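To keep things clear, I will list the structure first and then write my remarks on it.
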2 protein chains.
Amino acid sequence: MEHKILLRESEIPRQWYNLAADLPTPPLPPLGPNGKPITPDMLAPVFPMNLIEQEASTQRWIDIPEPILDILYRWRPAPLRRAVYLEKHLKTPARIYYKDESLSPAGSHKPNTAVAQAYYNKVAGITRLTTETGAGQWGCALAFACALLGLECKVYMVRISFDQKPFRKLMMQVWGANCVASPSTETNAGRTILAEMPDTPGSLGIAISEAIEAAVTDPTGKTRYSLGSVLNHVLLHQTIIGLEAKQQLKVAGEKLPDVVIGCAGGGSNFAGLAFPFTADKINGANIDIIPVEPTACPTMTRAPFAYDHGDTACMTPLLAMHTLGHAFVPPPIHAGGLRYHGMAPLVCQAIVEGLFAPRSYHQSKCYESALTWAKTEGAICAPETSHAIAATIDEAVKAREEGKEKVILFSYSGHGLMDLAGYDKYMSGQLSDYELPEEVLQKSTKVLENLPKAPARKTGRW
Amino acid sequence: MEHKILLRESEIPRQWYNLAADLPTPPLPPLGPNGKPITPDMLAPVFPMNLIEQEASTQRWIDIPEPILDILYRWRPAPLRRAVYLEKHLKTPARIYYKDESLSPAGSHKPNTAVAQAYYNKVAGITRLTTETGAGQWGCALAFACALLGLECKVYMVRISFDQKPFRKLMMQVWGANCVASPSTETNAGRTILAEMPDTPGSLGIAISEAIEAAVTDPTGKTRYSLGSVLNHVLLHQTIIGLEAKQQLKVAGEKLPDVVIGCAGGGSNFAGLAFPFTADKINGANIDIIPVEPTACPTMTRAPFAYDHGDTACMTPLLAMHTLGHAFVPPPIHAGGLRYHGMAPLVCQAIVEGLFAPRSYHQSKCYESALTWAKTEGAICAPETSHAIAATIDEAVKAREEGKEKVILFSYSGHGLMDLAGYDKYMSGQLSDYELPEEVLQKSTKVLENLPKAPARKTGRW
């Protein structure tokens, strides 16, 4: 048996898969300031029209333009690896496969959509993109994509990550991007928050507000905003992960997996792997699909499903999603990419319908899993990815206890070479876990009371 | 055409290639303290006997034990990539291929020999390894290998790198190794040097002295020393790089390359790629083989070929090599892996025979090449690797000027994600170049006068 299943470039998927076409209940539309579904022209100052159309599409398969594939070939198709060394260590009868998304030049799955978004913007005549970044993976990915496609790039990086990860900023600079800590003094949104909370560690919600403001206020009209997760078109671009994995499992002689696992901050990495298999589940396959989040930022496991803004300054349309409230500032845990107050509407819709079984872990358990991983499989994973590994280990141990030969598939979303400060804290015993107190959750979700209500969704048979 | 040529695990080379079998003139033997060739038992306190035998072997092909391959499969066979985007940027008719050694968990080519050495030591009953590291790539590689094979690992890291790259130490810790700055107060060699030069940036020569002392003075007898480059057996283990590349060029429809390029500090990465092609050159093929070093540490391009110690405290046997003198402390350039005073004897022998054409570059030109690489091919390379890229760009431009469709092959020895401080210095205009003054060279090589002389070597017809 080969330890890794490789596809040729000629075997790369040539279409993305759109879950919106197959969800049992149609997704709830985003709402504008007037409480009514937004129209494409309302989004036009923020995104190019080709991506706005993609965002609203319910077409099942969408062609991947050749120039995007030409860049993805640098690291795609990505290997599907069998974690034989971890299996041996756990003495599990489960066969553990992971899709290795750490091999892109930016080090994570993020370039899958960064390249696509930069391409569509370029085709639409846009010359400059703004964005936010949490852990820095998304900022690096967009900087990389803009460098290769010849666009300018401006990144607002959540301050806690900016301070913890100075090298992320340097990576973006190598690719020619401009990166500042958020909240910054460059935008109204940033200045307002700094006046109220000068010592804030920042949040993705704040950084999104700044990046959108910087895009829509550019007088040249040649700047747009780019989001690294949450939205439908972003998740769509990531489905190449799961589509490749499906082909590769076949090559490995496997049918469908029994368990699919991914960490979820905004939801794009998880969705990228899981959505193509969710289609099988909708069609009757028996698959446990598990998005994993930090206990410190329990969006899927404890927050209500409601209409809320995607950013702190309420500049985005209202999205129907699990949300901790748009003003929620999560504690400075090390998995910076999992500190978002909301979650992708498509992922949330599937959760409400009972298709996914979300789970949360404390960061200390995740780092423990990451060290086990490093000493068995050899690689140092991102703190975000360690959440998926923790769940995978639990599922593999369960399979051992049940004596079942399960197939477990998870997404290895990125490497942790830029995130070693968190490992340092864990290894030196300075890491603490955080359980969100119920009263804090109540308080942070109070803002939802004044927003339009999401209608109750019927749950499916899964 | 595919952008990367992949081999299946079943196609991995199962034997290493030993250039010592084919060199036109037999290599000069290492000499002991008495000036006579050393015997295997003199090395026994330092290395296990199975590696000592390999060091002295003149057998052309040596089998790779299965348990070593089983670990190498984590990232091998490594991709051979075509640098199509750089080719376009340079408008060159040359076809540029590079062997991507950055995908190992430790991020460089070093694990190819680290795994082999840890394995042979384990088989010989050794439980603990000591070593030195310059840039940190070797220390990480040995820490990784020891973690997977269950050995203890102690690393002496050159102080300038230790200070510039705190995350390298953390990587080693994740794999369970113990890493200290060298010179340290833990050894006689370290204490002696600290007493003379308390502010020294350190050097590989000093760190080697400390690591050897720590190995040979362990009263349990279960500790040995492991070297990351220079020695014959280390170069041997790296030939898997060139052997894979040769198979992959065939798959790509190429015959032999016209130009082979690698950066050379101790010589193992360069030799790993170049030696299998050197055999073709000895047999008549017309190949330019170019080892590249920093102008600031000009071992191959300016230093004499002489017998010298491999370390500063004169604990190693005398090796016949190009050497700047064992007490030479190179300036703190950012390519920490290219700051060694000597060079692998097998590489030097081939240089003397005229098989290789060494070249040196200033670090500013190398960083300029690294930025061009990042913005065309997308990846951020190690400062060491940037030397090979600088030479590759020069050769590709030359091919354009000559209008020749050359095939250029180089070794992409590692990624630069742990080395961003150097990029920062370059991008902010704080980097300076250094040309070794002739009088400093004269002074540093004066120590060679009191050592046995290397007999003159006849040069070949290349």
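Throughout, read-outs are computed from the coordinates displayed, never taken from laboratory work. Owing to the predicted nature of the structure, the values given are computational and were not obtained by experimental measurement. Counting neighbours? That spans all protein chains shown, and the Cβs are built from the backbone with ideal geometry, glycine included.
Report, in whole Å, the centroid distance computed from the Cα atoms of the range A:112-166 and the range A:371-410.
What the calculation gives is 31 Å, centre to centre.
With θ taken as phi - 60° and the coefficients 6.51, -1.76 and 1.60, list the Karplus ³J(HN,Hα) couplings across the range A:378-383 in order, rounded to whole Hz; mark glycine and proline as x.
Residue by residue, the range A:378-383 yields x, 9, 9, 8, 5, x Hz.
Hey, can you grab everything whose amide H is under 5 Å from the amide H of A:CYS179? Only 5+ residues off in sequence or another chain; H modelled, so Pro and N-termini drop out.
Correct list: A:VAL155.
Whole-Å semi-axes of the protein assembly as shown's equivalent ellipsoid, largest first, each the root of 5 times a Cα gyration tensor eigenvalue?
So the equivalent ellipsoid measures 50, 28, 27 Å along its semi-axes.
Considering Cα pairs under 8 angstrom that are at least six residues apart, work out the relative contact order of chain B and quote it in whole percent. Spell out each step's value before the answer.
Details: 1011 pairs, mean separation 88.1, N = 462.
For chain B, the relative contact order is 19 percent.
Between A:ASP70 and B:ALA456, what is the label-point separation in nm under the 7 Å Cα-to-beta-carbon projection?
5.8
Any idea what the A:ARG191 label distances to the other copies are, label 7 Å down the Cα→Cβ vector, nm, shortest first?
Values, ascending and in nm: 6.3.
What Cys residues in chain B have no fellow cysteine's beta-carbon under 4.7 angstrom?
That list is B:CYS140, B:CYS179, B:CYS263, B:CYS297, B:CYS314, B:CYS348, B:CYS366, B:CYS381.
Two-decimal Rg/Rh of the range B:117-246 from alpha-carbon positions, Kirkwood Rh?
My calculation puts Rg/Rh at 0.98.
Please name which of B:ALA350, A:TYR97, A:TYR426 has its Cα lying farthest along the dipole of the protein assembly as shown towards the positive end, using unit charges on Cβ (Lys, Arg +1; Asp, Glu -1) and the Cα centre as origin.
So the residue furthest toward the plus end is A:TYR97.
Alpha carbon centre of the range A:416-432 versus the range B:418-432: separation in Å?
25
Restricting things to Cα coordinates, could you compute the convex hull volume per residue of the range A:1-71 in Å³?
Taking the convex hull of the Cα positions in the range A:1-71, it is 161 Å³ per residue.
Just to confirm my numbers, what's the Cα centroid distance between the range B:302-317 and the range A:169-205 in Å?
Cα centres, the range B:302-317 to the range A:169-205: 52 Å.
Translational diffusion coefficient, Stokes-Einstein: compute it for the range A:350-462 using the Kirkwood radius over C-alpha pairs as Rh, at 4 °C and 1.567 mPa s, and state it as an integer in µm² s⁻¹.
My calculation gives 76 µm²/s for D.
Taking the Cα centre of the range B:91-215 as origin and charging only Cβ (+1 Lys, Arg; -1 Asp, Glu), how large is the dipole, in debye to the nearest 20?
520
To the nearest whole number, what is the average tally of beta carbon atoms from other chains within 10 Å of the beta carbons of peptide B:424-435?
The per-residue average across the peptide is 1.
Show that you can apply the helix-only estimate: for chain A, add -39,500 (n - 2.57) for every DSSP H stretch of four or more residues, divide by all residues, and state [θ] at 222 nm to the nearest 500.
About -11500 deg cm²/dmol.
With a cut-off of 8 Å between alpha carbons and a minimum separation of six or more residues, what is the relative contact order of the range B:156-274 in percent?
Averaging sequence separation for qualifying contacts and normalising by length gives 20 percent for the range B:156-274.
How many nanometers, to one decimal and shortest first, lie between the label point of B:ASN286 and those of its other copies, if labels sit 7 Å from Cα toward Cβ?
Those separations, rounded to one decimal, come out as 6.8 nm.
Measure off 7 Å from each Cα along the Cα-to-Cβ vector at B:ASN283 and A:TYR434, then give the distance between these two points in nanometres to one decimal.
Taking the simple label geometry, B:ASN283 and A:TYR434 are separated by 6.4 nm.
Test of the criteria: in the range B:396-430, which trypsin sites (Lys or Arg not before Pro) are in a DSSP loop and have at most 13 other Cβ atoms within 10 angstrom of their Cβ?
B:LYS404
Quick one: with label points 7 Å out along Cα→Cβ, list the inter-copy distances for A:GLU2 in nm, shortest first?
Output for A:GLU2: 0.8 nm, nearest copy listed first.
Under the definition of Cα pairs under 8 Å and six or more residues apart, what whole-number percent is the relative contact order of the range B:324-462? Kindly include the intermediate steps, with their values, before the conclusion.
Working: 126 pairs, mean separation 46.3, N = 139.
Result for the range B:324-462 is 33 percent.
Nearest 5 is fine: what % of DSSP beta bridges in chain B come out antiparallel, could you say?
35
DSSP loop (so not H, G, I, E, B), at most 12 other Cβ within 10 Å: list which GluC sites (Glu not before Pro) in the range A:193-250 pass both filters.
none
Can you pull a Stokes-Einstein diffusion coefficient for the range A:200-326 at 37 °C (0.692 mPa s), Rh from Kirkwood over Cα pairs, as a whole number of µm²/s?
Stokes-Einstein gives a translational diffusion coefficient of 198 µm²/s.
Over the range A:280-344, what per residue volume does the convex hull of the Cα atoms give, in whole Å³?
111
For a quick check of your reading of the filter: which trypsin sites (Lys or Arg not before Pro) in the range A:90-181 sit in a DSSP loop and have no more than 16 other Cβ atoms within 10 Å?
Hits after loop and neighbour filter: A:LYS91.
About its Cα centre, how strong a charge dipole does the range B:250-334 have in debye, to the nearest 20, once Lys and Arg get +1 and Asp and Glu get -1 at the Cβ?
80
When the Karplus curve 6.51 cos²θ - 1.76 cosθ + 1.60 is applied with θ = phi - 60°, which whole-Hz ³J(HN,Hα) does each residue of the range A:148-163 get, with x for Gly and Pro?
With coefficients 6.51, -1.76 and 1.60, one gets 6, 9, x, 10, 6, 9, 10, 10, 9, 9, 3, 3, 4, 6, 3, 6 Hz.
If you plug each phi of the range B:33-42 into the Karplus form 6.51 cos²θ - 1.76 cosθ + 1.60 with θ = phi - 60°, what whole-Hz ³J(HN,Hα) values come out, in order, with x for Gly and Pro?
Coupling constants for the range B:33-42: x, 8, x, 9, x, 6, 10, x, 5, 5 Hz.
Peptide A:370-380: average number of partner chain Cβ atoms within 10 Å per residue?
Shielding by partners across A:370-380 averages 5.
Write down the percent of antiparallel bridges among all DSSP beta bridges whose residues are both part of the protein assembly as shown, to the nearest 5.
Around 35 percent of the beta bridges assigned by DSSP in the protein assembly as shown are antiparallel ones.
For a protection proxy built on the mean count of beta-carbon atoms within 10 angstrom, sort A:71-84, A:408-421, B:254-267 highest first, please.
Result, highest mean Cβ count within 10 Å first: A:408-421, B:254-267, A:71-84.
If the only charges are +1 at each Lys and Arg Cβ and -1 at each Asp and Glu Cβ, what is the size of the charge dipole of the protein assembly as shown around the Cα centre, to the nearest 20 debye?
Here the protein assembly as shown has a charge dipole of around 1100 debye.
Cα extents of chain B along the three principal axes, largest first, in whole Å?
Principal extents (largest minus smallest coordinate, Cα): 60, 48, 48 Å.
List, in the order given, every pair from B:LYS4/B:LYS91; B:LYS99/B:LYS398; A:LYS110/A:LYS404; A:LYS110/B:LYS169; A:LYS110/A:LYS246 whose Cα-Cα distance in the structure shown is over 23 Å.
Too far apart for the 23 Å limit: A:LYS110/A:LYS404; A:LYS110/B:LYS169.
Taking H as built 1.01 Å from N, whose amide H comes closer than 5 Å to the amide H of B:MET321, not counting residues under 5 places away?
Under 5 Å from the amide H of B:MET321 lie the amide H atoms of B:ALA306, B:TYR307, B:ASP308, each far enough along the sequence or on another chain.
Whose amide H sits under 5 Å from the amide H of A:ILE261, counting only residues 5 or more places off or on another chain, with H placed in the peptide plane?
Residues meeting the amide H criterion: A:ILE290, A:LEU409, A:PHE410, A:SER411.
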